[in-house]
Amino acid sequence: MYELNINGMSISDFLSEYWQKKPLLIKGGFANFEDPIDPEELAGLAMEESIESRLVTNQEDTWEAHHGPFEDFTLLSDTNSTLLVQAVDHWHPTAAELIEPFRFIPNWRIDDLMISYSTPGGGVGPHLDQYDVFIIQGLGKRHWRVGLPNPALKEFAQNKSLLQVEAFEAVIDAVLEPGDILYIPPGHPHEGYAVENALNYSVGFRAPNQRDLISSFADHLIDTEQGKVRYNDPEITERDSVGLLSDTEISKIRNLIIATLNDSGSFQDWLGKNLSTPKHDMDLYELEEPYTVEDIVEILNDDIELYRAGGVRAIYQIMEDNLILLSINGENHHLTLDNLENVKLLCDETVMNSDQFEKSQHWLDFIQLLTNLINEGIYYFPEMND
């Protein structure tokens, strides 16, 4: 397990002074850092159909971006080339451990682990991200520059899939060595280029915008056949201008929309599904011979560890009716409040011991759900899968 040291400051101090406020260079954030993956393994993942990857080159100031899967790596030249593989935590359990030290940020905000391998001079150019990111330096060295938000900075497309930003003034200008970490808040221009063959690990965070949220909620209303209340105006009176949309009518239409958001049950149901849905495929441990509830009860009676598969998104909400809404990978499950400690385990921990689970009045309901989740490969027993 990796132990994070944020320049000697506490998590609370980092959150209050830096999170979404200003960038930070964390020297030796991971002491004695060892890469959890090598470039050959990363290239192997980039050859898989179900894994998102890109190869970016900058030869003679001509930027090109190519999308995987890749059959070979002739484009990955000795200089000015970068291979990027998304959501490696979904496929590589050892690399996934890099996310654990950053789980002081709530589960639903954590997105994935992107890993890049660059040859000298390789990078993706100066650009902006609209999300927080921690960039961990692995193998080799990389030169990073980070600036402050500047609305006057112009973005432009080098090609259809590579958006960059014009030159900016840097407030961080440093060469990162293995174990160093760079925190970059949203909207801060930055660029990084390999000084020598280098591996970089980016822990990114989700930041949904209003458009995406509203669109998703509208889809939810359609899928669940809700939101059918129509506008009505029994109090309408004669007016001088029939072309006028009155303040009263504007308010009524706005309130008609707001009423759907104020239906807490429907809203929380959608929210759980939306925020727990993974954006990328993952390697689940689905079983050919499913367990029965009796099997799981017997297994849990032994001292055994239960793991959550890499990339699984697990969150929960407390509903107004004192039920727990547990959302895992876009699916909602309802449990009674006396299973709260067990639900916390499933959501807060990636590795848990069987003796940590608490029996409750509705224990069998929880075990039935856990049995289904294990049979789907979302949670698994490593000892039983070997």
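Structural remarks
- Any chance Glu320 is at pLDDT below 95, open to solvent by 10 Å² or more (accessible area, probe 1.4 Å) and not small (Gly, Ala, Ser): yes
- Number of residues in the range 9-35 that are touching a residue at least 12 places away in the same chain (Cβ under 8 Å) and not in a helix (DSSP H, G or I): the value is 17.
- Considering (1) open to solvent by less than 90 Å² (accessible area, probe 1.4 Å); (2) basic (Lys, Arg); (3) assigned to a helix (DSSP H, G or I), the lone condition that Arg254 does not fulfil carries the number (1).
- Looking only at residues of the range 179-224 that are open to solvent by 50 Å² or more (accessible area, probe 1.4 Å) and touching a Gly at 6+ places or on another chain (Cβ under 6 Å), we find that the one that is farthest from Val85 (Cα to Cα) is Glu196.
- Scanning the range 336-369 for residues that are more than 25 Å from Ile105 (Cα to Cα) and aliphatic (A, V, I, L, M) yields Leu364, Ile367, Leu369.
- At least 1 residues being open to solvent by 30 Å² or more (accessible area, probe 1.4 Å) and free of Cβ contacts under 8 Å to residues at least 12 places away in the same chain is the threshold, and among the strands (runs of 3 or more DSSP E) wholly inside the range 36-153 those reaching it are 62-67.
- Taking the listed residues Glu289, Glu331, the one that is open to solvent by 60 Å² or more (accessible area, probe 1.4 Å) and modelled with pLDDT under 95 is Glu289, with no other qualifying.
- Of all residues in the range 157-171, none are open to solvent by less than 20 Å² (accessible area, probe 1.4 Å) and under 23 Å from Gly44 (Cα atoms).
- Scope the range 366-385; condition farther than 19 Å from Ile315 by Cβ and among the acidic types (Asp, Glu); matching residues: Glu383
- Scanning the range 292-314 for residues that are of a type outside the set (Val, Ile, Thr) and open to solvent by less than 30 Å² (accessible area, probe 1.4 Å) yields a count of 8.
The values are calculated or read from the model by the stated rules, or taken from the named source; none is laboratory data. Here the structure is a predicted model, which means the values were calculated and not measured. Note: ideal-geometry Cβ built from the backbone for every residue, glycine included; neighbour counts use all protein chains shown. The accessibility values were calculated without ligands, DNA or RNA, using every heavy atom of the protein model including side chains. Shrake-Rupley method; radii C 1.70, N 1.55, O 1.52, S 1.80 Å.
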